[in-house]
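The values are calculated or read from the model by the stated rules, or taken from the named source; none is laboratory data. These numbers come from a predicted model, not from an experiment. Every residue, glycine among them, receives a Cβ derived from its backbone with ideal geometry; neighbour counts consider all protein chains shown.
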Amino acid sequence: MKIAYFINQYPKVSHSFIRREILALERQGVEVQRLALRGWSEKPVDPDDIAEQGKTFYVLRAGAAGLLVAALTQLLRTPAAFVQALLMAWRMSRGSDRALLYHLAYLAEACRVVGQLRKHPVDHVHAHFGTNSAEIVMLARALGGPPYSFTVHGPEEFDQPAALHLKDKIENAAFVVAISSYGRSQLYRWVGHERWNRIHVVHCGLERSFHEGAESVPMSDTPRLVCVGRLCEQKGQLILLEAVRRLKDQGVHFELVLAGDGEMRPEVERMVASHGMQQQVRITGWISSQQVREELQAARAMVLPSFAEGLPVVIMEAMALERPVVTTTVAGIPELVRHGLDGWLVAPGDVEALATALADALRSDVTHLKGMGRQGRQRVMARHDIDVEAAKLIRLFGGSAS
């Protein structure tokens, strides 16, 4: 079976779960082409991402001239299909938060995708995210390309389903993947009941090598917490800083590592300074998967006070490494994390509840935390094994090609 994967940017630090999925498919005999809009000029820090970069065809690498040539070639080869796809791009611009020009660019990108797949045919194309990547593979299908599917992660698709024309993307797809039951329920809202059988749950998964030997790593007595994620509004780092400021004012001793980077870093740094917490809070910037593992294992618990999510992979990673988590009751998170068993669940935006949960994690003895960690590890291994989840995808791909 030959499959193409299409991603907006690849490889990317925050998209390591896509790499794991591709490699798991290949281990099970699927031939996978990597297609991405951009990412060739990035400098990955992870050796696995460096290897993936060399395997990826980049749609935008040839610039505007490459897109124009691809569009003209497609127009001459299949004029009727091109007009049909052009009308589809126009419809996708109606009600969108992006002007028609963007959607015409997506059409040109789809033409380049089809041209690449003409040289290297596949049975199916799978995209990640229900945003522009799903639109491009839908347009490629209208141009005569192979059947497509896409994985919806959230929260962006759930925040603006009408502007993204999620209904059209689902109805034209061979099937659609959600990463949690919550995500599937949100997709159900936008299509008729007769389409529900096209929507399936396939979890993001972890490589067994990531958490091998985790049970033998001792938990430190140091009162350290780690938050892993992009520094952005949806991850809730600002409310986390408000919560730990309360702990500081109460005389609770702690260290907080913010592992990641992002557009809100200046605001985060200002808040750390304004609360006088430079000695307690450390921001790492972007780090590799191995460094993420090291930061998680050096902490007593992982905290992620998100306002909006899909189902964060870092929660799975922390649990697989036998570290309890402090997180919020949003989207698919409660499907994995059990309050009092694997960690603490609090309402999003509740500073007092978050501060209380963090204090519990910092004051709990190591034996109790390790017990919570063991339960979390067992749960993740049962629900998020990448090879098991890849096998589900293969069955779906096979049904699409038949």
Which condition from (1) under 27 Å from Ala85 (Cβ atoms); (2) over 16 Å from the mean Cα position of the chain (by Cα); (3) at pLDDT below 95 is the one that Leu187 breaks? (3)
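Residue-wise test of (1) crowded, with 18+ Cβ neighbours inside 10 Å; (2) at positive phi; (3) part of a helix (DSSP H, G or I).
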| site | (1), (2), (3) |
| --- | --- |
| Pro11 | yes, no, no |
| Ser14 | no, no, yes |
| Phe17 | yes, no, yes |
| Arg20 | yes, no, yes |
| Lys43 | no, no, no |
| Phe57 | yes, no, no |
| Leu60 | no, no, yes |
| Leu75 | no, no, yes |
Of (1) part of a loop (DSSP other than H, G, I, E, B); (2) surrounded by 18 or more Cβ atoms within 10 Å (Cβ to Cβ), Ala259 fails just (1)
Filter result (surrounded by 15 or more Cβ atoms within 10 Å (Cβ to Cβ) and in a loop (DSSP other than H, G, I, E, B)) within segment 262-285: Gly262, Met264, His275, Met277, Gln280
Collect the residues in segment 140-155 that are under 13 Å from Ala85 (Cβ atoms) and assigned to a loop (DSSP other than H, G, I, E, B), keeping them in residue-number order. Leu143, Gly144, Gly145
Here is a check on your reading of the model: is Ala359 touching a helix residue (DSSP H, G or I) at 6+ places or on another chain (Cβ under 9 Å) and either in a helix (DSSP H, G or I) or within 22 Å of His15 (Cβ to Cβ) (or both)? yes
Members of segment 110-139 that are assigned to a loop (DSSP other than H, G, I, E, B) and within 25 Å of the chain's Cα centre (by Cα): Val122, Asp123, Phe129, Gly130, Thr131
Taking segment 156-184, which residues are in a helix (DSSP H, G or I), modelled with pLDDT of 95 or more and among the hydrophobic types (A, V, I, L, M, F, W, C)? Leu166, Ile170
So which of Ala4, Ala89, Ala65, Ala24 is in a helix (DSSP H, G or I) and closer than 16 Å to Gln116 by Cα? Ala65
Any idea which of (1) more than 20 Å from Ile333 (Cα to Cα); (2) touching a residue at least 12 places away in the same chain (Cβ under 8 Å) is the one Cys204 doesn't satisfy? (1)
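So that you can scan it fast, the table gives a plain yes or no per residue for (1) in contact (Cβ under 8 Å) with a residue 24 or more places away in the chain; (2) of a type outside the set (Val, Ile, Thr); (3) surrounded by 17 or more Cβ atoms within 10 Å (Cβ to Cβ); (4) more than 19 Å from His200 (Cβ to Cβ):
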residue: Gly95; (1), (2), (3), (4): yes, yes, no, yes
residue: His103; (1), (2), (3), (4): yes, yes, yes, yes
residue: Leu107; (1), (2), (3), (4): yes, yes, yes, yes
residue: Cys111; (1), (2), (3), (4): yes, yes, yes, yes
residue: His126; (1), (2), (3), (4): yes, yes, yes, no
residue: Gly145; (1), (2), (3), (4): yes, yes, yes, yes
residue: Phe150; (1), (2), (3), (4): yes, yes, yes, no
residue: His153; (1), (2), (3), (4): yes, yes, yes, no
Taking the residues in segment 325-348 that are out of contact with any Ser or Thr (no Cβ under 8 Å at 6 or more places or on another chain) and assigned to a loop (DSSP other than H, G, I, E, B) as candidates, determine which candidate is surrounded by the most Cβ atoms within 10 Å (Cβ to Cβ). Asp342
Restricting attention to segment 378-401, the residues that are of a type in the set (S, T, N, Q) and under 18 Å from Ala4 (Cβ atoms) number exactly 1
